[in-house]
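One structure below.
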Ligand SMILES: Nc1ncnc2c1ncn2[C@@H]1O[C@H](COP(=O)(O)OP(=O)(O)O)[C@@H](O)[C@H]1O
Ligand SMILES: [Mg+2]
């Protein structure tokens with residue numbers, strides 16, 4: 001069986017699909033070879049497999065370039081990261097065509113159609129930005145702490161809305177839509193308000209960019225993958241934007257590990 005490994009900027013995921021229920025492990029290590037070897041070793045030991053049952057390792061992600069041709073004696077083949085994102089997101093969502101948006105350390109946007117996977121855009125605003133701003137603005141390093149704070153936050157003390165400026169809707173923009181993230185400089189927000197505003201700003205940037213690309217590429221469905229999809233307020237903000245723009249965001253099961261799954265399902269190149 002094939003093991004898919006995604007060596008990302010923040011985490012390394014290793015997955016095997018051919019065991020009941022699929023199995024995945026995630027580790028956080030900065031050295032790509034140590035991360036990949038550690039993830040593969042942990043995966044086989046947790047699944048009760050032997051290493052020689054892994055016929056090949058399909059490696060992708062920013063750290064895959066540095067991997068040798070074998071890992072713990074198993075042959076390695078590299079899978080282009082955008083291919084892995086596209087295959088992973090679209091197959092998990094059961095869609096032949098979709099815009100797949102990987103919400104990882106940064107954000108990558110991939111168009112998937114039968115026979116054609118294309119990297120169409122992205123932004124450096126992503127999960128790394130979320131943790132970086134949390135650390136710099138609030139002194140908070142853990143995503144769980146940030147989420148707990150954000151649950152008690154109030155956006156209206158940080159963001160300027162269309163209603164604040166115009167006193168009502170502006171053209172097709174409802175009064176609650178954001179006119180300026182962090183733009184309400186006249187009020188004194190709490191750390192909890194700022195925590196929510198950071199998450200919200202990143203969700204809005206990524207959602208608006210995804211919607212623009214979906215429109216430009218003619219995609220009806222937008223599939224979200226990567227570990228940022230687990231952040232509750234983040235997912236909630238996407239649900240809100242979906243209503244505003246009448247286009248569907250899908251967060252499939254196993255979205256957090258979609259890129260490793262895509263690597264395991266992609267063909268060697
Ligand atoms: N348990 C978690 N561990 C690490 N990052 C997490 C976790 N939950 C959410 N995140 C967010 O997800 C981002 C990493 O997403 P991931 O899909 O692992 O990206 P990459 O493939 O670039 O490593 C982090 O920057 C962080 O904002
Ligand atoms: Mg990843």
Of the conditions (1) more than 19 Å from residue 78 (Cα to Cα); (2) surrounded by fewer than 20 Cβ atoms within 10 Å (Cβ to Cβ); (3) away from ligand 2 (no atom under 15 Å from the Cβ); (4) at pLDDT 95 or above, residue 27 clears all except one; give me its number. (3)
Subset of the stretch 92-106 (residues that are under 19 Å from residue 252 (Cβ atoms) and either within 16 Å of ligand 2 (Cβ to nearest atom) or under 14 Å from the mean Cα position of the chain (by Cα) (or both)): 92, 99, 100, 101, 102, 103, 104
Only one of (1) loosely packed, with under 15 Cβ neighbours inside 10 Å; (2) over 21 Å from residue 15 (Cβ atoms) is not met by residue 202, so which one is it? (1)
Do we have any residue at all in the stretch 238-255 that's within 16 Å of ligand 2 (Cβ to nearest atom) and more than 15 Å from residue 94 (Cβ to Cβ)? no
With 203, 195 as the choices, which residue is away from ligand 2 (no atom under 16 Å from the Cβ), at pLDDT 90 or above, within 24 Å of residue 141 (Cβ to Cβ) and under 17 Å from the mean Cα position of the chain (by Cα)? 203
May I ask you to verify whether residue 3 is more than 16 Å from residue 105 (Cβ to Cβ), free of Cβ contacts under 8 Å to residues at least 60 places away in the same chain, more than 20 Å from the chain's Cα centre (by Cα) and surrounded by 17 or more Cβ atoms within 10 Å (Cβ to Cβ)? no
Only one of 35, 39, 62, 84 is under 22 Å from the mean Cα position of the chain (by Cα), modelled with pLDDT under 95, under 27 Å from residue 131 (Cβ atoms) and outside the structural domain of residue 126 (by TED's automatic domain parsing), namely 62
Hand me the list of helices (runs of 4 or more DSSP H) wholly inside the stretch 162-269 holding 1 or more residues that are out of contact with any helix residue (DSSP H, G or I) (no Cβ under 9 Å at 6 or more places or on another chain), more than 16 Å from ligand 1 (Cβ to nearest atom) and in the same structural domain as residue 137 (by TED's automatic domain parsing). 191-217, 232-245
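The values are calculated or read from the model by the stated rules, or taken from the named source; none is laboratory data. Model, not experiment: these values are computed from the prediction. Positions of Cβ are backbone-derived with ideal geometry, glycine not excepted, and every protein chain shown enters the neighbour counts.
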